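In what follows, a single structure is set out as structure tokens and then discussed.
Where a number appears in this text, it was derived from the coordinates with a stated rule and is not lab data. Just so it is clear, the model here is predicted, and its values are computed rather than measured. Please note: Cβ atoms are built from the backbone with ideal geometry, for glycine as well, and neighbour counts cover all protein chains shown.
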Amino acid sequence: MESRATVKFIRISPRKVQIVLDLIRNQPAEKAMAILKHTPKAACEPLEKLLKSAMANAENNHNMDVSKLYVAECLACPGPILKRIRPRAHGRAYHIYKRTSHVTLVLREAE
């Protein structure tokens, strides 16, 4: 039995999200929540909401015990890239890529 939650189109690069996901992978859900609360990274705020959502899904939809949950899988995939142009000297243009992410979080019950 597993509980899954996804968030799409986060306006943060997948590389930056992956750094935080590596911290919480295979951790108990309560400990993962504490890690996200006390890590000074921009990706922590949307990931904290995602973890709360996955825990609520587990409790309400699958009747799982919240105290036994752990982060089984978490992955960040690249979403669409917003392409912008910054004017530079001598009529040139500098490309700015505003990357987005799709993040999936899977919680399972420990035996």
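In whole Å, what is the distance between the alpha-carbon centres of the range 1-59 and the range 97-111?
So the two Cα centres are separated by 7 Å.
Sequence gap at least 6, Cα distance under 8 Å: using those rules, report the relative contact order of the range 2-109 to the nearest whole percent.
On the way: 212 pairs, mean separation 45.8, N = 108.
Averaging sequence separation for qualifying contacts and normalising by length gives 42 percent for the range 2-109.
If the viscosity is 0.890 mPa s and the temperature 25 °C, what translational diffusion coefficient in µm²/s does Stokes-Einstein give for the range 2-109 when Rh comes from Kirkwood over Cα pairs? All intermediate terms of the calculation are to be shown ahead of the outcome.
Details: Rh = 14.8 Å.
Approximately 165 µm²/s, per Stokes-Einstein.
What are the ³J(HN,Hα) values, in whole Hz, obtained from phi via the Karplus relation 6.51 cos²θ - 1.76 cosθ + 1.60 with θ = phi - 60°, for each residue of the range 21-26 in sequence order, with x given for Gly and Pro?
3J(HN,Hα) across the range 21-26, in whole Hz: 4, 5, 6, 9, 4, 6.
Do the alpha carbons of any pairs in K8/K49; K52/K98; K31/K68; K16/K98; K16/K49 sit beyond 19 Å of each other, and which pairs? Display every interim value, and only then the final one.
Numbers: K8/K49 13 Å; K52/K98 27 Å; K31/K68 11 Å; K16/K98 13 Å; K16/K49 17 Å.
Cα-Cα > 19 Å for K52/K98; rest within.
Of M33, I96, Y70, whose Cα points farthest to the positive end of the dipole of the chain (charges on the beta-carbon: +1 Lys, Arg; -1 Asp, Glu; origin at the Cα centre)?
I96
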